[in-house]
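Here the structure is laid out as structure tokens; the discussion comes afterwards.
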Amino acid sequence: MSNNRVWAVVPAAGIGSRMQADRPKQYLNLDDKTVLERTIERLASHPQIVGIVIAISEHDQYWQNITQDFDCQLHTVDGGDTRADSVLNALIALADITDDDPWVLVHDAARPCLRHEDIDSMLTTLCNHQVGGVLGIPVNDTVKRVNENNEVEETVCRQGLWRASTPQMFQLNMLTTALTSAIKTQSIVTDDASAIELAGFKPLMVAGHPDNIKITVPQDLALASLYLQQQREEA
Ligand code: CTP
Ligand code: MG
């Protein structure tokens, strides 16, 4: 690793349309705290994370009610229209906060069950890597491609297929350049690694735990609660 300073960026400016709740999903309750508080807590309590930049929607009415103290410095910026815009805004703000080129862990606000072990795996595996990488899970199910009528067109070989999650870890300058270019060319980038790939680099896939789910639909809250309970019992 070029240095020991690792920052985190948390895009938290989405509206959570698939959750169909009365507020953005990052502000729903998960075991007596909001999802966002739990996510920030996981990052802030990791000893190698020195600070977090959080992208919050300019229409957000809930962030101001979060009063919890966290174990590292927190900065907020306005989010953008897409996840990529929100992450880029946070990276631009981070460049003003640090005067070097730190590694950055970009982590979705909607993934509150992230284990410190998974952060450790990323830091250890990627510390000498030229590009950076992504936490993910190999695909276990049989994968089918269907047409617009849901008719199966083919069974896709799952060899080498992974589900990409977050954190995604890249150096500040490389990710800023890659996202800027992806946004300028209107490329569809649903994660940070896609922008890095478009720039011609090959991020590394790092195996994570399957409990690092992204809260997306209502039943995911109950599942996340079960995973948190299981993690407490393991500790
Ligand atoms: N995000 C963001 N800015 C946006 C859109 C998304 O910061 N303009 C964040 C979300 O808050 C979330 C993460 O990116 O933490 C992953 O996005 P997703 O799970 O798709 O969340 P939403 O876009 O809020 O949900 P949906 O797609 O169901 O509307
Ligand atoms: Mg979305």
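Can you list residue pairs whose Cβ atoms sit under 6 Å apart, with the first residue in region 69-98 being within 26 Å of SER17 (Cβ to Cβ) and the second being part of a loop (DSSP other than H, G, I, E, B)? Count only pairs 6 or more apart in sequence or on different chains.
Close Cβ pairs satisfying both conditions: ASP78/GLU58; GLY79/ALA13; GLY79/SER57; ALA84/VAL189; SER86/ALA13; SER86/GLY79; SER86/GLY80; ASN89/GLY80.
Taking region 65-84 as the search range and keeping residues that are closer than 14 Å to ILE52 by Cα and in a loop (DSSP other than H, G, I, E, B), which one is farthest from the chain's Cα centre (by Cα)?
Filtering region 65-84 for residues that are closer than 14 Å to ILE52 by Cα and in a loop (DSSP other than H, G, I, E, B), the one farthest from the chain's Cα centre (by Cα) comes out as ASP69.
Could you count how many residues in region 181-227 are open to solvent by 70 Å² or more (accessible area, probe 1.4 Å), more than 17 Å from SER86 (Cα to Cα) and part of a helix (DSSP H, G or I)?
4
Say we look at region 151-171 and pick out the residues that are among the aliphatic types (A, V, I, L, M) and under 15 Å from the mean Cα position of the chain (by Cα); which of these is nearest to THR125 (Cα to Cα)?
MET169
Report yes if SER121 is of a type in the set (Ser, Thr, Tyr), open to solvent by less than 10 Å² (accessible area, probe 1.4 Å) and either away from ligand 1 (no atom under 16 Å from the Cβ) or not in a loop (DSSP other than H, G, I, E, B) (or both), otherwise no.
For SER121, the condition - of a type in the set (Ser, Thr, Tyr), open to solvent by less than 10 Å² (accessible area, probe 1.4 Å) and either away from ligand 1 (no atom under 16 Å from the Cβ) or not in a loop (DSSP other than H, G, I, E, B) (or both) - is not met.
Report yes if ASP85 is more than 21 Å from ALA193 (Cβ to Cβ) and open to solvent by 10 Å² or more (accessible area, probe 1.4 Å), otherwise no.
no
The values are calculated or read from the model by the stated rules, or taken from the named source; none is laboratory data. Predicted model only: the values in this text are computed from it and were never measured. Cβ atoms come from the backbone with ideal geometry, glycine included; neighbour counts cover every protein chain shown. All accessible areas refer to the heavy atoms of the entire protein, side chains included, with ligands and DNA or RNA removed. Shrake-Rupley method; radii C 1.70, N 1.55, O 1.52, S 1.80 Å.
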